[in-house]
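Some notes on the structure that comes next.
The values are calculated or read from the model by the stated rules, or taken from the named source; none is laboratory data. Predicted model, so just to flag it, every value in this text is computed and none were measured. With ideal geometry, Cβ positions are generated from the backbone for all residues, glycine too; neighbour counts draw on all protein chains shown.
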Amino acid sequence: MQIDDTDRRLLRRLQANPALSAGELAELAGVTPATCSRRIEKLTRGGVIRGQHAVIDWARLGYEVEVSLRFTLDKTNPRAFDEFLAAARAVPEVTEIQTLLGRVDVRLHVIARDMGHYQQIYREKILTLPHIADIEALMQVAVIAEGEALPL
């Protein structure tokens, strides 16, 4: 989908503050509210804007531990990926699932209240996932940089 300078202005403002009303967004981007609404609808229909979401600070809700688990699956079963992913989706503490190319097949991001809670999740929910050949756990120490905004 082709976008122009007006679309870029709207997207920049929307990335910076997704909570803006249509009127505020239009004013900041220098367009009328009607133009803003039409453009946002076009970008949404075209798949450029896939949705808006809340960014949750899990630590403020009591989830102090974040772990990235990297899995290599036993691919001798042709349904290994599908069955593993379906089971992983059912674990409430899994906040992100990525499939990868390379030595590692899947990465799960897991949150827990503390190390005791993480150990419980690991033993009762993670180790019971199907088709695991190998697991590597990476404990998050600090977030140095994060953001989803693209330079538009």
Candidates 13, 9, 39, 50, filtered to the one that is charged (D, E, K, R) and not in a helix (DSSP H, G or I): 50
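With the structure loaded, tell me whether residue 22 is farther than 17 Å from residue 121 by Cα and either of a type outside the set (Asp, Glu) or within 17 Å of the chain's Cα centre (by Cα) (or both) or whether it fails that test. Spell out the reasoning first.
Details: farther than 17 Å from residue 121 by Cα: yes; either of a type outside the set (Asp, Glu) or within 17 Å of the chain's Cα centre (by Cα) (or both): yes.
Judged against the criteria, residue 22 is a match.
Give 136, 146 a once-over and let me know the one that is of a type in the set (D, E, K, R) and either in the same structural domain as residue 13 (by TED's automatic domain parsing) or at pLDDT 95 or above (or both). Spell out the reasoning first.
Values: 146 fails: either in the same structural domain as residue 13 (by TED's automatic domain parsing) or at pLDDT 95 or above (or both).
Criteria check complete, one pass: 136.
Could you list, in sequence order, all residues of region 49-98 that are of a type in the set (D, E, K, R), exposed (fewer than 13 other Cβ atoms within 10 Å of the Cβ) and farther than 17 Å from residue 109 by Cα?
Taking region 49-98 first, the residues of a type in the set (D, E, K, R) are 50, 57, 60, 64, 66, 70, 74-75, 79, 82-83, 89, 93, 96.
In the following step, the residues that additionally are exposed (fewer than 13 other Cβ atoms within 10 Å of the Cβ) were identified as 50, 57, 60, 75, 79, 82, 89, 96.
Across region 49-98, the qualifying residues are 50, 60, 75, 79, 82.
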Subset of region 16-36, residues buried (at least 17 other Cβ atoms within 10 Å of the Cβ) and not in a loop (DSSP other than H, G, I, E, B), comes to 25, 26, 28, 29, 36
Mind checking whether some residue in region 113-136 is surrounded by fewer than 13 Cβ atoms within 10 Å (Cβ to Cβ), under 30 Å from residue 11 (Cα atoms) and not charged (D, E, K, R)? no
